[in-house]
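Presented below is the structure to which this report refers.
The values are calculated or read from the model by the stated rules, or taken from the named source; none is laboratory data. Computed from a predicted structure; not experimentally measured. Neighbour counts run over all protein chains shown; Cβ positions are idealised from the backbone, glycine included.
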Amino acid sequence: MGLLSFSLLVFWMLETVAAQPKTEPREVDAINKIIDHWNVRSKLNISVDDPCTPNATWAPQTANPRIACHCSDTVCHITHLKIYALDISGEIPQELFLLTELTDLNLNQNVLNGSIPPAIGQLSKMEYLAVGINNFTGPVPAELGNLTKLLSLSIGSNNLQGTLPAQLGKLTSLQQLYIDSSGVSGPIPQELSNLKSLQILWASDNRFTGKIPEFLGTFTNLKVLRLEGTNLNGPIPSSFAALTKLEDLRISDLGPSDSSLDFLQNLLSLSILSLRNCGIRGQIPDRLSTLPNLKILDLSFNKLTGRIPASLKNSPSLQYLYLGSNNLDGDLPSDVITSSLVALDVSFNPLTGNVPLDRKHISINVVGTSINDVNLNNEKASGMLHCLQGNTECRTKDPSTSFSINSGGTEQASADGIRFDDDSEQLGAASLYTSTNNRWAVSSTGVFISNPNGPQYTAQTDSQITSTLSSELYKTARISPSSLRYYGLGLENGVYRVKLHFAEIQMMDDPTSWKALGRRLFDVYIQGEKVVQDFDIVKEAGGSKRALMKTFEANVTNTVMDIHLLWAGKGTCCIPFQSTYGPLVSAIHVSQVSEYKDSSKSNQKRVGKILGISMGCAAGVVIICSVLYLWRAKKEAAHMRIHSGKD
C-alpha cells in the first residue's frame, strides 16, 4: 500500500470515528449512577463513556444485564434496560426517570423495595414495563396511566396496597396485564373497561371485592384470564360468551352466588377450563364435548347435578377431568375413560357403577362414591371409604386408636419413639392409595397446569430441618396442586388429637434473593370443618426449613377420620420455580384421647378447636380451659405448649 493510500485510509477511519453518534451525556451519567446504585457494575462491564457503543456485549436481546440503544445520525438514546433475576436490592433511583426514551424496562425477579415512584409516569414512550416479583410496597401509582403506549405491564408478586387506580383505564393499547399476587384490594375500577386490547390478564390472589365485572366480557381479544383466589363474588357473567378467543380460563372460590355454564357454548378455543368452587349449578352440558382443544377441565367443588354426559368420550383432546365434590349421580360412564384421558376425579358424588378393569393408563379417584374400584387394596378399605359420603354406617372389627404417617417419605421413627408409616407411594393427578396395614388412606387431585411433567406430588430436601429433634421426618412432604386428603380408617369412635407436622422445604427465606418471595397459602379441614384458613407455613414457623406442629381435636363417630388440605387459589404460583403452590404436609399423627361424647349435649366444640402450636422441642406447660378431656389428657399435654383459640 502506498503512502497516499495509507493516509487516505487513516483519514477515512478518523472521519468514521468522528461521525459515530454519541450517547446523550445526561443519559450516560444517569445509567452509571443507576448501575452503581444497584451494585451491578461487576456484572456489566460497561463503558463509562458510552453505553451505546456499537456491538457491545451488553446490547444483544439475550444479554442480562442489558442496555440497548437507538441512534440517529447525531445522538444515541438508551431505549432498553434489563436487570433481570440478579437479586438487586434497594429502591428505584430517581436517575432512572431521566432515561425518557426508554421503551422497555425489565426489573423482574429481584428484591427491590420501597414504592413504585409516581415519576414512572415520565417515561411516556414505555411499551414494556416489568417490575414483578419484587418487594415493592405502597399504592399502584396513578401516573402509570400516562404510559399510554404500554403493550405489557407486570406488577405481580409484590406487596402493594390499596385499589387499582382508575387511570389504568387510559392504557388502551395494553395487551398483557400481570397483577397476580400484587397485594391490591377493593373493587375493580369500571374505567378498566377501556382495555379492549387485552389478550392476557393475570389477576389471581388479590383481595378484590364486589362482583366479577361484566365488562370483562367485552375484552374479545382475551386469550388468557386468571381470577383464582380473589374475594370476588359471582356469578360468572353471561357476557363471557363473547370471549371466543379464550384459550385459558381459570376462576375459583367465588363468594356466595349461583353460576351456570351457558356462556361456554361458543368458546371453541378453550384448552384449559378451571372453574373450581364457583357455585355452578345445573347439569354438565353436552357442548363441552364439542370443544376441540379442551385438554384440562376442572369443575370440582360446585353444585352440579345429573349424570356425567357420555358425550365427553368424544372430546378429542381431553386429558384431565375433575368433577369431584358435586352432586352428580347415576353410573360412571365407562366409555368416558378414553385412551387420551390421563386423570379422572369423580370423588364425593353419589355415583355408582364400576371402574373399568383396563385402566392402567389413567389415575382415578372415586373416594366418597359408591363406585367399585378393583384397584383398591381390599374390600375392607373400600367399604370404609364409601362411608365418607355419610349415607351408611361404617363398622369394623378390631378398631384402632391411632395412626401415624410420614407424608411423602419412607417409614421413620421420631425422637419421641413414634413410628410413622411409609407414604412414599407415587401418586398421580387423581389418585387414591390405601396403606398396606389398612389403617389410613391418602387421595390427591389436581394437575400442576403450567408444569404438568414437573412436580411429582412429593417434595424432599437434603437440608437440615431446625426447631426439631426429628429432622428426618420433615425432609419429605406430600404436595398437591389442589386437594390433598388423608383418612384414618377403622378407628374406634371417640375424641382424637390430630397433630399435623409441617416444614416448608420448597421455598427459601433468604432476604437477599427473589427466590424467597414466594407465599404458600392453603386451608385445612378436619372432619369437614375448616380449622385453618390461609395457612402460611413460613410465616407461622418463622422461616423455611423450620419444623412446625399444629394440634387439633376432633370427634370420630363413624370409624373414619378425614383430614383435608385444600388450595383455594391463594399464594404465589411460580416462586422459586413454576408450579410452587398448593398444600404441603410433612407428617401426621392421630391418637385417641377419650371416648366419644355426644356434642349435642355439650357446649364444647370438638372439631376446629386449636389446642396448640409446637415448634421443635418446645417445653413448658400452659393449662387452658377447664375441659374434662383436657384434664384427663394433661400428662400428654405437658410435652407441648398450648394456646387457646378458634379459627
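Considering Ser480, Ser424, Ser471, Ser467, the condition of being modelled with pLDDT of 95 or more and on the phi > 0 side of the Ramachandran plot is satisfied by Ser467 alone. Looking across region 229-265, the residues that are within 22 Å of Leu318 (Cα to Cα) and acidic (Asp, Glu) come down to Glu247, Asp248, Asp262.
Val532 meets each of the listed conditions (1) surrounded by fewer than 19 Cβ atoms within 10 Å (Cβ to Cβ); (2) outside any loop (DSSP other than H, G, I, E, B); (3) of a type outside the set (Asp, Glu) apart from (1).
Just one of Leu254, Leu147, Leu177, Leu232 is surrounded by 20 or more Cβ atoms within 10 Å (Cβ to Cβ), more than 22 Å from the chain's Cα centre (by Cα) and at pLDDT 95 or above; which is it?
Numbers: Leu254 fails: more than 22 Å from the chain's Cα centre (by Cα); Leu177 fails: more than 22 Å from the chain's Cα centre (by Cα); Leu232 fails: more than 22 Å from the chain's Cα centre (by Cα).
Being surrounded by 20 or more Cβ atoms within 10 Å (Cβ to Cβ), more than 22 Å from the chain's Cα centre (by Cα) and at pLDDT 95 or above holds for just one of Leu254, Leu147, Leu177, Leu232, which is Leu147.
Kindly indicate whether Leu249 is assigned to a strand (DSSP E or B) and either closer than 18 Å to Asn302 by Cα or in the same structural domain as Ile188 (by TED's automatic domain parsing) (or both). Here the answer is yes, as Leu249 does meet what is asked.
For Gly90, are the conditions met, namely being surrounded by fewer than 16 Cβ atoms within 10 Å (Cβ to Cβ) and in contact (Cβ under 8 Å) with a residue 40 or more places away in the chain? Here the answer is yes, as Gly90 does meet what is asked.
Total residues in region 406-432 satisfying the condition of being over 23 Å from the mean Cα position of the chain (by Cα), assigned to a strand (DSSP E or B) and in contact (Cβ under 8 Å) with a residue 24 or more places away in the chain: the figure is 4. Counting residues in region 557-573 that are farther than 22 Å from Ser400 by Cβ, surrounded by fewer than 23 Cβ atoms within 10 Å (Cβ to Cβ) and of a type in the set (S, T, N, Q) gives one or more.
When Asp398, Asp416, Asp423 are checked against the criterion of being crowded, with 19+ Cβ neighbours inside 10 Å and of a type in the set (D, E, K, R), Asp423 stands alone in meeting it. Just one of the listed residues (Tyr486, Tyr496, Tyr525) is under 15 Å from Thr458 (Cβ atoms) and modelled with pLDDT of 95 or more, namely Tyr486.
Criterion first (surrounded by fewer than 22 Cβ atoms within 10 Å (Cβ to Cβ), within 26 Å of Ile371 (Cβ to Cβ) and of a type in the set (Val, Ile, Thr)) does Thr461 satisfy it? It is false that Thr461 is surrounded by fewer than 22 Cβ atoms within 10 Å (Cβ to Cβ), within 26 Å of Ile371 (Cβ to Cβ) and of a type in the set (Val, Ile, Thr). Within region 540-560, the set of residues being of a type in the set (Ser, Thr, Tyr) and either touching a Phe, Trp or Tyr at 6+ places or on another chain (Cβ under 7 Å) or outside the structural domain of Asn493 (by TED's automatic domain parsing) (or both) comprises Thr557 only. For region 542-567, filtering for residues that are more than 28 Å from Cys394 (Cα to Cα) and in contact with a Ser or Thr (Cβ under 7 Å, 6 or more places away or on another chain) leaves 5.
Does Cys52 satisfy the criteria of being farther than 27 Å from Ile575 by Cβ, over 37 Å from the mean Cα position of the chain (by Cα) and not in a loop (DSSP other than H, G, I, E, B)? No, not satisfied. For region 535-545, taking the residues that are more than 22 Å from Gly446 (Cβ to Cβ) and touching a strand residue (DSSP E or B) at 6+ places or on another chain (Cβ under 7 Å), the one that is surrounded by the fewest Cβ atoms within 10 Å (Cβ to Cβ) is identified as Glu540. Residue count for region 574-588 satisfying the condition of being under 14 Å from Ser450 (Cα atoms) and surrounded by 23 or more Cβ atoms within 10 Å (Cβ to Cβ): 4.
When you scan region 197-220, how many residues do you find that are assigned to a loop (DSSP other than H, G, I, E, B) and among the charged types (D, E, K, R)?
Going through region 197-220 one residue at a time, the tally reaches 1.
Scanning region 546-561 for residues that are in contact with a strand residue (DSSP E or B) (Cβ under 6 Å, 6 or more places away or on another chain) and closer than 16 Å to Arg478 by Cα gives Leu548, Met549.
In region 455-479, the residues that are touching a residue at least 12 places away in the same chain (Cβ under 8 Å) reach residues that are of a type in the set (Asp, Glu) and crowded, with 21+ Cβ neighbours inside 10 Å with C-beta atoms within less than 7 angstrom, at least six apart or across chains, in these pairs: Arg478/Asp423.
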